[in-house]
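For reference, the structure I am asking about is given below.
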Ligand SMILES: Nc1ncnc2c1ncn2[C@@H]1O[C@H](COP(=O)(O)OP(=O)(O)OP(=O)(O)O)[C@@H](O)[C@H]1O
Ligand SMILES: [Mg+2]
């Protein structure tokens, strides 16, 4: 595979099967995709088309059955568990639909958590966590628990946590899926700012075309295959959505 | 890194205090039981050893009368068959260090307004040598006191205290069975004997005085028992054999007939007692260790539940970059903290319990640094051992499976 200096993600002939009681179920079939540094990409597709499966592989949370995945020109398939953990810690920031905060830890501690696994000393951890809190506009909630703040605020905390190790890539699986329209807009504004101002590459899964509209590029999945990959403007998203 | 993981483990424990406390309780009880049982066991052992040390070394006691079974027989020492001349003859045997013919009895003694009833032993000065018994004050009586059967006495510590209180008994005259006796000295304290009697509750007088003036024996010149000290432990079997031969000869006992005396090796008896105490101590320790083991299994049990319950948390931690080692360390540290804190409390309770046992029952208890250190090492080991499996389980999970866990 060709090496691109600015390629963040290079995926080729990627297959993923889940092993179930009824035998192997193919979910991703011959997926090919490249993402360059600084891109803002939205992945859409009907429910069950394999978007989350794809994102989990991109986020090094799961491994593909076959095919190749290069992240920053490193072959992820050859990495050990510890090296994958290192990638999740420092190269990728993952944002989940369900936020996935630790319920018993304070907001501040939640944000500082990735730094623990990096070995950052405590004072530095708190300093960075509070910088991130300010960045996402939640400085006044630093010692609250996740269940004491709103869903939108929780997602901001999750984004702050994803950002705290200064990753160059943010992966977000339906980050606005649990939020109302107004809150979704705030979150998307935050992503746009991260992409435009800090140059962070963003790959985001969504069901809503007005969320996808924040991206520059659209990838459409259907039944485990990429059926569209191109600029957002010509995607005619609502139209395509209805045909698959 | 480890400090941060320690913080994470601590926070997790604080999040479920009741459970942490209950898990710890198993450890507390286990360690407490071990400390207490070791203290009691070692106390018993120490007491036995002190008694043995107070007995004198390489000792035989020869009792009058037969103690062998068969037919109706008197118990040991019932019929006086041993004489002072027997004792003198034994003293001539090779490898015999000292011989003390003795006649015990009980008598009432009075000093001023105080009176006390106690054991009186009529014996020779070598009794003190044989029993390795020092005088705290005054002087022992001598051979000439034996020859002329003078009325002199040595008081055991308990007797001296009960008759004289704070007064100095040496040189004072007490009345035993209404006759005046001059107190020559006070014996040093010896404490309890192997069978639990107070050895200091004794008065020693010359054997001849006891025979002729105090107890008025029917057979003048006989004694109840003779204590014999061999020169060394190695010489004991030879001494035992030659004493038996000598006495049978002197008592004209035909071959095959039962002896009218019996020789007991007191040192062997003492060793048996020491072994018994040691076995008891070991058994107590073993029983207590079982509760420590149960406490350890309790930790494993709770940790396994905890790992299952916190699968999602593990998934989240892995998703943001924890590697297997980090997760392992966190759960292992939790187990170790629980067991070590449990151990600390257990040591406190064990030591406290030992002190209470000592107060309530008067038993000797010995808490050694060794037993505390040992409990600590065992507790930490139990924590690591029983924490390892659940921690492994947590660390071995795949991030995506852990995250998806409902
Ligand atoms: N752990 C699993 N084991 C077996 N099959 C699975 C597993 N996870 C997902 N699948 C199947 O894989 C397919 C794709 O699932 P995936 O979650 O990737 O879809 P999705 O595109 O994210 O859907 P949605 O839009 O509803 O989130 C589905 O048919 C699903 O049933
Ligand atoms: Mg999904």
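The values are calculated or read from the model by the stated rules, or taken from the named source; none is laboratory data. None of the values given here were measured: they were computed from a predicted structure. We place every Cβ from the backbone using ideal geometry, glycine too, and count neighbours over all the protein chains shown.
Examine region A:84-106 for a residue that is within 16 Å of ligand 2 (Cβ to nearest atom) and more than 10 Å from chain B (Cβ to nearest Cβ), and state whether such a residue exists.
Yes, region A:84-106 contains a residue that is within 16 Å of ligand 2 (Cβ to nearest atom) and more than 10 Å from chain B (Cβ to nearest Cβ).
If you don't mind, there's one more thing I want to ask. Which of (1) within 31 Å of the chain's Cα centre (by Cα); (2) at pLDDT 90 or above is the odd one out, the single condition residue B:88 does not satisfy?
(1)
Condition (residue is surrounded by 15 or more Cβ atoms within 10 Å (Cβ to Cβ) and away from chain A (no Cβ under 14 Å)) applied to region B:1-16: is it met by at least one residue?
no
Hey, another quick one. Counting only residues that are in contact (Cβ under 8 Å) with a residue 60 or more places away in the chain and within 16 Å of ligand 2 (Cβ to nearest atom), which one in region A:162-184 is farthest from the chain's Cα centre (by Cα)?
Applying the filter and picking the extreme gives A:178.
Just the residues that are part of a loop (DSSP other than H, G, I, E, B) and under 29 Å from the mean Cα position of the chain (by Cα), please, taken from region B:107-165.
Matches in region B:107-165: B:131, B:132, B:133, B:134, B:156.
Can you say whether residue A:56 is crowded, with 20+ Cβ neighbours inside 10 Å and either more than 13 Å from ligand 2 (Cβ to nearest atom) or not in a strand (DSSP E or B) (or both), as far as the supplied structure shows?
Answer is yes for this residue.
Condition test on residue B:350, is it buried (at least 17 other Cβ atoms within 10 Å of the Cβ), touching a residue at least 12 places away in the same chain (Cβ under 8 Å) and in contact with a helix residue (DSSP H, G or I) (Cβ under 7 Å, 6 or more places away or on another chain)?
Criteria met by residue B:350.
Name the one entry in B:346, B:321, B:350, B:315 that is within 14 Å of another protein chain (Cβ to nearest Cβ), at pLDDT 90 or above and part of a helix (DSSP H, G or I).
B:315
Moving to a separate point now. Could you please find all residues in region A:181-207 being in contact with a helix residue (DSSP H, G or I) (Cβ under 8 Å, 6 or more places away or on another chain) and surrounded by fewer than 20 Cβ atoms within 10 Å (Cβ to Cβ)?
Within region A:181-207, A:183, A:186, A:190 qualify.
Does at least one position in region A:146-161 carry a residue that is farther than 26 Å from residue A:181 by Cβ, surrounded by fewer than 21 Cβ atoms within 10 Å (Cβ to Cβ) and either away from every other protein chain (no Cβ under 13 Å) or at pLDDT 90 or above (or both)?
No, region A:146-161 has no match at all.
Now, a different point. Considering only residues that are within 17 Å of the chain's Cα centre (by Cα) and not in a strand (DSSP E or B), look in region A:65-79 and name the one that is farthest from ligand 1 (Cβ to nearest atom).
A:72
Which residue out of B:329, B:292, B:333, B:355 is within 28 Å of residue B:36 (Cα to Cα), in a helix (DSSP H, G or I) and within 14 Å of chain A (Cβ to nearest Cβ)?
B:333
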